[in-house]
Amino acid sequence: MREALERAKALRWAGRPEDAALELRKALAGAGDRCELLYLLWDCQFVLGDRAAAHETLLEAKGLAEGKMVARVAVAEASWLMSQGEYREAMTLAGSVDTDDDAVRAYALSVRGVCEAFLGDVDLGIATLEDARTAAHRSGCVRELTRAVGNLTFVLGSSGRHERSARIGKEALTRLRIQGMAPTFSAVIRYNLAASLFALGRWQELDELEVPDSIPGNKAARILLCKAEAAALRGQDPDDLIEEAEKIIDGPDALFTAQCTYARAVAARAKGQYRAAVELCRETVADAPEAMTRGEVLRLCVEGLGAARDLRTAPGRVTRLDDPEATEQELLARLPLPHGPEDEVWRRVAFAEAGRDSWAEIALDWDRLKMPYQAAYARTRCGEPEALRHADRTALRLDARPLAKMIERQARRQRIPLLHEDKPQLGTLTPRERDVLELLGWGRTNKEIASELVLSVRTVGLHVSHVLAKLGAGNRSEAARIARDQT
C-alpha cells in the first residue's frame with residue numbers, strides 16, 4: 001500500500017490527478033488501511049471537479065480516521081465546507097484542529113484565513129494567511145507553502161492590495177523555479193500574479209509571464225485572458241488570445257465568460273463600436289450566475305455604462321440605444337454590493353458614469369490602490385486641464401492607445417494643450433523595449449532577440465509591436481533610425 005501511495009503522490013504533485021486517482025482506486029481494492037489512500041483520492045477528485053464523488057470519499061475517510069489522520073481529514077472537511085460557501089462553519093472547524101504537524105497546521109490556517117477574509121475581516125484573514133505561510137516554511141512542505149501563498153496573494157489582490165500580492169507572488173515563483181518544482185505547483189500563484197500585474201498597469205511584465213504547458217487548463221486560460229484584457233486596453237485585438245484560452249479551458253465557467261466579455265467589450269469600445277460593447281455587457285450581466293464574482297459583475301456594469309455614455313456623445317452617424325435611460329437604470333440596478341475597497345471604487349465609477357459621483361475623487365481612490373490606468377480614465381472623465389495632462393502622461397507610459405485618443409478628443413473639444421512634442425520620444429519605452437530596440441538596430445531577428453534576452457519569440461514580437469507603435473515607425477529599420485537620431 002505504501003508504494004502505491006507514494007506513486008499516487010508523485011503523480012498528483014506532477015499535475016496528473018487523473019492518473020493518481022486511478023492508481024489509488026487500484027490500491028484501495030486490496031488495502032487494509034484505507035484512510036490515507038482515501039484522503040489523497042478525495043484531493044484528486046476535488047481538483048478534477050468531481051465534487052459529489054469527492055464528498056463521498058471524504059465521508060468514508062472520516063469514518064476510518066485515527067491518530068494523525070483525524071486532523072488531516074478535519075482540515076479537508078473544512079476545505080470542503082469553504083468550497084460550498086459555508087465559511088463560518090469551515091472557519092470554526094479549521095480553528096478547532098489541534099496538531100503538532102506544521103504542514104497540517106499550515107493547511108488549517110490557510111482555510112481559516114480565507115474564511116476570515118470572506119466573512120469581512122480582511123486584515124485578520126491576511127494575518128492568519130501569513131501565519132500559514134510561516135508554518136508551511138517550517139514544515140518544508142512545498143504543497144502547503146504554495147497553498148498558503150496562493151491564498152494569501154488571492155486575498156491581497158481581491159482586497160485591492162495588488163502591489164504586495166505581486167511582490168509575494170514573484171518571490172514565490174522564483175523560489176519554486178530555483179527548487180526545480182513542477183509548474184503545476186505554481187498555477188494559482190501565477191494566475192494571481194497575472195491579475196495583479198494587470199491591475200497595476202505592469203503590462204509588459206504580464207506579457208512576459210510564462211504559461212507552462214503543465215499548468216491546469218483553467219488557470220492557464222485565465223492568465224491568457226488577463227493578457228487579452230491588457231491587449232484590448234492597448235488597442236490590440238484580443239481575439240487570438242481569447243481563442244487560445246478557449247481551446248485549453250476545461251469547460252468555460254462564469255469567471256471565464258466574464259473575462260472574455262470584458263476583453264471583447266473593451267476592444268469594441270476602442271473601435272467606436274459602443275452599442276456592441278453595451279449589448280455584450282448587458283447580456284452577460286443579465287445571465288450572470290451566482291458563481292460570477294462581484295468584482296467581475298461590477299467591471300462589466302461599469303464598461304457597459306461607460307460605452308453607453310460614449311454612445312450618447314459620439315459624433316456623426318452611430319446606432320444609438322433605443323432607450324439609453326432604461327439601459328443605464330438596468331445596469332445600475334444590477335450592481336452588486338461591494339466586497340473590499342477595490343469593489344467600492346468600481347461601484348463609485350458606475351455611478352459617476354451616470355453623473356452621480358465625483359471623477360476627481362475617484363481618481364484619487366485609484367491612486368491609493370495603485371491602479372494607474374483606472375486613475376487616468378477617471379481623470380479623463382473629470383476633464384480638468386491638469387487632470388487631462390496627468391492622464392495623458394499615464395496613457396503614453398502604459399501605451400494605452402484608445403485612452404490616449406479619448407484624451408486627445410477631450411482636449412481638442414476643450415482647447416487644452418497637452419504639451420506633446422511632435423517627435424517620438426524614446427523616454428516612453430520601457431527598459432525591456434529599449435533592449436529590444438537596441439538589438440533591432442543591430443539587425444537581429446525576433447528569434448535571435450528571444451535567444452539573447454531569454455524570452456519567447458512571441459513575447460519579443462509583442463515588444464517589437466509596442467516599439468514601432470510608440471515611435472510611430474512603419475518598420476524595424478525606421479525604428480532603429482529614430483533611435484539613432486535621438487541618441
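The values are calculated or read from the model by the stated rules, or taken from the named source; none is laboratory data. Small disclaimer: the values here were computed from a predicted structure and weren't measured. No Cβ is skipped: glycine too gets one built from the backbone with ideal geometry, and neighbour counts run over all protein chains shown.
Tabulated data for the structure shown
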item	result
Answer residue from segment 85-120, given it is of a type outside the set (A, V, I, L, M) and more than 21 Å from PHE154 (Cβ to Cβ) and is surrounded by the most Cβ atoms within 10 Å (Cβ to Cβ) among those	ASP102
Selection count where residues are farther than 13 Å from LEU437 by Cα and either in contact with a helix residue (DSSP H, G or I) (Cβ under 8 Å, 6 or more places away or on another chain) or surrounded by 19 or more Cβ atoms within 10 Å (Cβ to Cβ) (or both), scope segment 453-468	4
Residue check, GLU342 on the phi < 0 side of the Ramachandran plot and without any contact (Cβ under 8 Å) to a residue 60 or more places away in the chain	no
Residue match in segment 366-385 (condition: closer than 26 Å to LEU468 by Cβ and among the basic types (Lys, Arg))	no
Pairs where the first residue, in segment 134-163, is within 15 Å of LYS370 (Cβ to Cβ) and touching a residue at least 24 places away in the same chain (Cβ under 8 Å) and the second is hydrophobic (A, V, I, L, M, F, W, C) and in a loop (DSSP other than H, G, I, E, B), C-beta under 6 Å, 6+ apart	GLY160/LEU369; HIS162/LEU200
Unique match (being in contact (Cβ under 8 Å) with a residue 60 or more places away in the chain and touching a helix residue (DSSP H, G or I) at 6+ places or on another chain (Cβ under 6 Å)) among PRO216, PRO212, PRO238	PRO216
Filter result (charged (D, E, K, R) and in contact (Cβ under 8 Å) with a residue 24 or more places away in the chain) within segment 449-474	LYS470
Scan of segment 61-82 for residues that are surrounded by fewer than 18 Cβ atoms within 10 Å (Cβ to Cβ) and over 14 Å from TYR107 (Cβ atoms), ordered by number	GLY63, LEU64, GLU66, GLY67
Helices (runs of 4 or more DSSP H) enclosed by segment 431-487 - at least 2 residues per element that are among the β-branched types (Val, Ile, Thr)	457-471
Verdict on SER186 being more than 20 Å from GLY340 (Cα to Cα) and either among the small types (Gly, Ala, Ser) or not in a helix (DSSP H, G or I) (or both)	yes
Any hit, segment 355-373, residues being part of a loop (DSSP other than H, G, I, E, B), within 26 Å of the chain's Cα centre (by Cα), of a type in the set (A, V, I, L, M) and at pLDDT 90 or above	yes
Index of the failed condition, ARG415 passing every other in (1) at pLDDT below 85; (2) of a type in the set (D, E, K, R); (3) surrounded by fewer than 17 Cβ atoms within 10 Å (Cβ to Cβ)	(1)
Failed criterion for ALA307 (all others in (1) buried (at least 20 other Cβ atoms within 10 Å of the Cβ); (2) under 26 Å from ARG161 (Cα atoms); (3) not acidic (Asp, Glu) hold)	(2)
Restricting segment 374-407 to residues that are of a type in the set (Asp, Glu) and buried (at least 17 other Cβ atoms within 10 Å of the Cβ), the residue that is farthest from the chain's Cα centre (by Cα)	ASP392
Hits in segment 322-345 - residues which are surrounded by 18 or more Cβ atoms within 10 Å (Cβ to Cβ) and either touching a Gly at 6+ places or on another chain (Cβ under 7 Å) or at pLDDT below 85 (or both)	LEU331, HIS339, GLY340, GLU342, ASP343
Odd one out for PRO238 among (1) over 15 Å from the mean Cα position of the chain (by Cα); (2) closer than 16 Å to ASN192 by Cβ	(2)
Per-region count, segment 65-90, residues among the acidic types (Asp, Glu) and in a helix (DSSP H, G or I)	2
Matching residues in segment 280-304 - criterion: being among the small types (Gly, Ala, Ser), in a helix (DSSP H, G or I) and either under 19 Å from the mean Cα position of the chain (by Cα) or buried (at least 21 other Cβ atoms within 10 Å of the Cβ) (or both)	GLY295, GLY304
Hey, LEU48 within 34 Å of the chain's Cα centre (by Cα), closer than 30 Å to ASP253 by Cα, at pLDDT below 75 and surrounded by fewer than 16 Cβ atoms within 10 Å (Cβ to Cβ) or not	no
Test: residue in segment 425-440 that is crowded, with 18+ Cβ neighbours inside 10 Å, at pLDDT below 90 and of a type in the set (Lys, Arg)	yes
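Residues checked against (1) assigned to a helix (DSSP H, G or I); (2) over 26 Å from LEU331 (Cβ atoms); (3) touching an Asp or Glu at 6+ places or on another chain (Cβ under 8 Å):
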{"residue": "ASN218", "(1), (2), (3)": "yes, yes, yes"}
{"residue": "ALA230", "(1), (2), (3)": "yes, no, yes"}
{"residue": "GLU243", "(1), (2), (3)": "yes, yes, no"}
{"residue": "ALA258", "(1), (2), (3)": "yes, no, yes"}
{"residue": "VAL278", "(1), (2), (3)": "yes, no, no"}
